């Protein structure tokens, strides 16, 4: 049995293991119903938040790079305050094409690709030129700048 002193010795390792496990989770739920997720996000969004649709796939290194940037502390806080995020799995470009078309996101220019919706689900902006398709090489600041630009106006 561990005494409290031993527990405190091992606690950082336990917490670190939890972070590692969370970081290894794929960002896209390949079995999710994206239509339902978007409908639920629109219904759940407070009037103070915009929605971000992130089109991507787990096999995509740029999608994983963007997801990692979005989880950095400062940007994660900005996103949590200002956005409801829905990750839309596009598979091997054989899933959820209708959603990409609905929100004017031409996936042929690459993923990840984002669309910004207002709290009522109205399209405010769609990436139509593969702006984040090279997310691995983008700076944290340029990614953050996008999210700052599309914060809801208060």
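Tabulated data for the structure shown
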{"read-out": "Approximate spin-label separation residue 39-residue 122, in nm, with each point projected 7 Å along Cα-to-Cβ", "value": "2.2 nm"}
{"read-out": "Residue-span extension gain [residue 142 to residue 129] - 0.36 nm each, minus C-alpha spacing", "value": "3.1 nm"}
{"read-out": "Distance between modelled label sites at residue 76 and residue 30, nm, 7 Å Cα→Cβ extension", "value": "2.5 nm"}
{"read-out": "FRET E, pair residue 68, residue 98, Förster distance 22 Å, beta-carbon r, rounded to 0.05", "value": "0.20"}
{"read-out": "Region 27-149, relative contact order [Cα under 8 Å, separation at least 6], %", "value": "32 percent"}
{"read-out": "Volume in Å³ per residue [convex hull over Cα atoms, computed for region 53-154]", "value": "90 Å³"}
{"read-out": "Protection-proxy order for peptides 33-44, 71-82, each taking the mean of Cβ atoms within 10 Å per residue, highest first", "value": "33-44, 71-82"}
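FYI, it's all coordinate maths here, none of it is from the lab. Worth saying up front: this structure is predicted, and the values here are computed from it rather than measured. Glycine also receives a Cβ, built like all others from the backbone with ideal geometry; neighbour counts cover every protein chain displayed.
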